[in-house]
Amino acid sequence: DAMVIQNPRYQVTQFGKPVTLSCSQTLNHNVMYWYQQKSSQAPKLLFHYYDKDFNNEADTPDNFQSRRPNTSFCFLDIRSPGLGDAAMYLCATSRDFGTSSQTQYFGPGTRLLVL
Amino acid sequence: AQKITQTQPGMFVQEKEAVTLDCTYDTSDQSYGLFWYKQPSSGEMIFLIYQGSYDEQNATEGRYSLNFQKARKSANLVISASQLGDSAMYFCAMSLSGGYQKVTFGTGTKLQVIP
């Protein structure tokens, strides 16, 4: 089955220690997104890639970076995690932009805990 | 800018009964798409149903239907014959046409199905 995969499902890191979350997709979608979601809140978009074109949301902290080495994979790097970065991180894909084409398919998420 | 409003933070429904989750939206665009996602406690966001602004018929997917009332700018999700597995957070979302437009999510409704 075509899907979006995220690894690891749970990640524990120390305050200030860099961490990388990964996402892969077998849907062959053009667009990949990273969201941050805190408890009982809506997901908050951090950035997205259309193919290799990167788009950062204006309010995404510099502490968050992303890489998309190929169509299938996308990584989220948190350079110096703070306690406030503890959250669920969701990766999503969509075939394209627009209305129905922007139906997003999500991975299972990575829960990040910062000690 | 577009906005999604979900006024029901939490709802209860008896197993096997139908339930309606409310969603209203605000946009001046004529072409847009509306989505519903389900998020169980495990964290994964699951796409349920899509409605385009020009679709004349209400969207249906199995036990899910979208009650689309364009003049009232509402896109309520109806779940028929509720099951215990329907207990989850439900998010309404919207995207606009015309290149990249960030998907806007509502604040969500937490549904609990009672045996």
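The values are calculated or read from the model by the stated rules, or taken from the named source; none is laboratory data. Here the structure is a predicted model, which means the values were calculated and not measured. Every residue, glycine as well, gets a Cβ built from its backbone with ideal geometry; the counts of neighbours run over all protein chains shown. Just the protein is used for accessible areas: all its heavy atoms, side chains included, with ligands, DNA and RNA removed. Shrake-Rupley method; radii C 1.70, N 1.55, O 1.52, S 1.80 Å.
Data overview
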| quantity | calculated |
| --- | --- |
| Test for B:Ser95: is it touching a helix residue (DSSP H, G or I) at 6+ places or on another chain (Cβ under 8 Å), crowded, with 19+ Cβ neighbours inside 10 Å and within 15 Å of B:Thr24 (Cα to Cα) | yes |
| Pairs with Cβ under 6 Å, 6+ apart, first in the stretch A:65-83 and over 13 Å from A:Leu112 (Cβ atoms), second of a type in the set (A, V, I, L, M) and modelled with pLDDT of 95 or more | A:Ser66/A:Leu76; A:Cys74/A:Met32 |
| Single residue of A:Phe47, A:Phe75 found to be modelled with pLDDT under 95, part of a strand (DSSP E or B) and not hydroxyl-bearing (Ser, Thr, Tyr) | A:Phe47 |
| Selected residue [modelled with pLDDT under 95 and closer than 30 Å to A:Tyr50 by Cβ] from B:Ser97, B:Ser41 | B:Ser97 |
| Of all residues making up the stretch B:46-73, the number that are among the aromatic types (Phe, Trp, Tyr), closer than 16 Å to B:Gln30 by Cβ and in contact with a strand residue (DSSP E or B) (Cβ under 8 Å, 6 or more places away or on another chain) | 1 |
| Matching residues in the stretch B:71-115 - criterion: being within 14 Å of chain A (Cβ to nearest Cβ) and assigned to a loop (DSSP other than H, G, I, E, B) | B:Ser97, B:Gly98, B:Gly99, B:Tyr100, B:Gln101, B:Lys102, B:Val103, B:Gly106, B:Thr107, B:Gly108 |
| In the stretch A:70-115, residue nearest to A:Thr13 (Cα to Cα) [restricted to those that are buried (at least 17 other Cβ atoms within 10 Å of the Cβ) and touching a helix residue (DSSP H, G or I) at 6+ places or on another chain (Cβ under 8 Å)] | A:Val114 |
| Qualifying residue in the stretch A:37-58 (condition: more than 23 Å from B:Ala93 (Cα to Cα) and polar (S, T, N, Q)) | no |
| Criterion: modelled with pLDDT of 95 or more, open to solvent by 70 Å² or more (accessible area, probe 1.4 Å) and under 30 Å from A:Asn7 (Cα atoms) - qualifying residue of B:Leu34, B:Leu84, B:Leu48 | B:Leu84 |
